[in-house]
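Chemist: One structure follows; several queries about it will come next.
None of the figures in this text is laboratory data; all of them are computed from the coordinates on show. Keep in mind that this is a model prediction, so the values were computed, not measured. Cβ: placed from backbone, ideal geometry, glycine included. Neighbour counts: every protein chain shown.
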Amino acid sequence: MSPLDPAQSLPPSGDPSAQANPGNDAGAQGLDERDRRFMQMALDQAVLAQSAGEVPVGAVLVRGGEVLATGYNQPIGRHDPTAHAEIVALRAAALQVGNYRLSGCELYVTLEPCAMCAGAIQHARIARLVWGAKDPKTGACGSVVDLFSQPLLNHHAQVVSQVMAPESAALLQGFFVQRRALARQQVLAARAERP
Ligand SMILES: [Zn+2]
């Protein structure tokens, strides 16, 4: 089971926004159309991950209102445990601008970043992070730990949480339901083949 699988630990309603952090969730701030537009692009990236058989998570890197780079989750295809959507987008953007620092940029990602990605976001000096569904297993923006609220960590990112969270969570849940059904079919097929 992937550590990204939220299906095991989402609230019974399946609505991850039910556990919103007071004062920090998109609902409290009012959903910004601009944020929704870029998050929809990140969701489109997540669909690309799903098409490749990867856990559907997508990211979009924005500078000055323009998309600088995109990325989707692909650790299986790339044989790379670091190939999360955020890292893929950060690497592509840094290559494009010729600078490992992406000051002033915004990162949109459909799932709450893990500790590795939160660290990379901080190293890249991302100015604003907007994320979608909560990840109760590995989320490092409040679910398991909040690396953006540590006073001793020198980070620069403003964090907006749970933008289009239901859409992102539905994509993830659909993926894992489908994957479990496929696994069950394979078990049944293997049993049927036994003499
Ligand atoms: Zn990550």
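Chemist: Could you work out the relative contact order of segment 86-169? I mean the mean sequence separation of Cα pairs under 8 Å and 6+ apart, divided by the number of residues, in percent.
Modeler: Values: 148 pairs, mean separation 24.7, N = 84.
About 29 percent, as a whole number.
Chemist: Can you sort Arg184, Arg128 by how many other beta carbons sit within 10 Å, fewest first?
Modeler: Numbers: Arg184 10, Arg128 16.
In order of increasing Cβ crowding within 10 Å: Arg184, Arg128.
Chemist: Among Ser143, Ser168, which comes first, then next, by fewest other beta-carbon atoms within 10 Å? Spell out each step's value before the answer.
Modeler: On the way: Ser143 21, Ser168 28.
Ascending Cβ contact count within 10 Å gives the list Ser143, Ser168.
Chemist: Further, regarding this structure: How long is the gain from Asp146 to Ala115 if the chain were fully straight, where each residue apart is worth 0.36 nm and the alpha carbon distance is subtracted?
Modeler: Working: separation 31, 0.36 × 31 = 11.16 nm, distance 0.88 nm.
My answer for the length gained is 10.3 nm.
Chemist: Would you mind computing, in nm to one decimal, how far apart the modelled labels at Asp80 and Val187 are, each placed 7 Å from Cα along Cα→Cβ?
Modeler: It is 3.4 nm.
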